[in-house]
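Shown next, in structure tokens, is the structure this report addresses.
The values are calculated or read from the model by the stated rules, or taken from the named source; none is laboratory data. It should be emphasised that the depicted structure is a prediction, and the values quoted were computed from it without experimental measurement. Positions of Cβ are backbone-derived with ideal geometry, glycine not excepted, and every protein chain shown enters the neighbour counts. With ligands, DNA and RNA removed, areas are computed over all heavy atoms of the protein, side chains included. Shrake-Rupley method; radii C 1.70, N 1.55, O 1.52, S 1.80 Å.
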Amino acid sequence: MLSLLYRVMRDERGGVLVELAMVLPVFLLLLFGLIDFGRMGYEYVMASKATDVAARLAVARPPVCPGVAERNERGSTGALPVPPRFGTACGSAAGVCAAPATVTCLASLDDPTVTEIWGRIEGLMPGYAAPENLRFSYSADQNLGFLGGPYVPVVTVEVVDLDFRFASPLGALSSFAGGDWAGFSPTIPFPAMSSSLPAEDLALGEAG
């Protein structure tokens, strides 16, 4: 009886399976974590490229947002001895051109400019992204344009309200590995990114 008990205590068969059962959840957690965060880095780089492409298209197309000014109107020129004539560069003096308020809106496929832009960048954006995750802003810059000429805003395209979605069940794996991730969310906010460019203006001001 004692010899049988002694043999049982010294028997190490199956020990490898026990060790594997302890290590495997941790290994899988690390493996899938690397895969998912690698995906996040890739999707971030591609989405950043998409915002650059969207901005380059937006500056050469009609405004996405309603209410964007069309021409540079006179500003508060009371401090100037002589009212500037049309064609004067807005940046030549303070108040030559009015500074319209910044106009901001979310993208919608109802707008033909958005339809064109989204058609160009959809393949670069994450598969769960939508046009509404793009925000366009048109802000005044007094160093751009000339009095009486077309309004030349700075166009900014941002990625907003987009959450990265984990493909692997990290929460379940961490719990299986002994962690307490009961409140783990399968999504996290996508890193903020934006791209800004001045709108195109082919007019030549006083030289035109």
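Here the label points at residue 167 and residue 109, each 7 Å from Cα along the C-beta direction, are separated by 2.4 nm in the simple model. For residue 106, the shell of other residues with beta-carbons less than 14 Å away shows a net charge of -4, using +1 for Lys and Arg and -1 for Asp and Glu. Residue 66 sits among other residues whose Cβ lies under 14 Å from its own Cβ, and their net charge, with Lys and Arg +1 and Asp and Glu -1, is -3. Positive end of the dipole of region 56-114 (Cβ unit charges, origin at the Cα centre): among 88, 112, 72, the Cα lying farthest that way belongs to 88. Here's how it looks for residue 146: its modeled amide H is under 5 Å from those of 90, which are all 5 or more places away or on a different chain. Sorting 95-103, 82-90 by their mean Cβ neighbour count within 10 Å, with the most densely packed peptide first, gives 95-103, 82-90.
Relative contact order of region 103-153: 42 percent, from C-alpha pairs under 8 Å at least 6 residues apart in sequence. Ranking of 197, 106 by solvent-accessible surface, largest first: 106, 197 (1.4 Å probe, protein heavy atoms only, all chains present). Accessible surface of residue 46, taken over heavy atoms with a 1.4 Å probe and every protein chain present, rounds to 50 Å².
The GluC sites (Glu not before Pro) of region 34-138 that DSSP puts in a loop, and whose beta carbon has at most 11 other beta carbons within 10 Å, are 70. The value of relative contact order for region 52-149, using C-alpha pairs under 8 Å at least six residues apart, is 42 percent.
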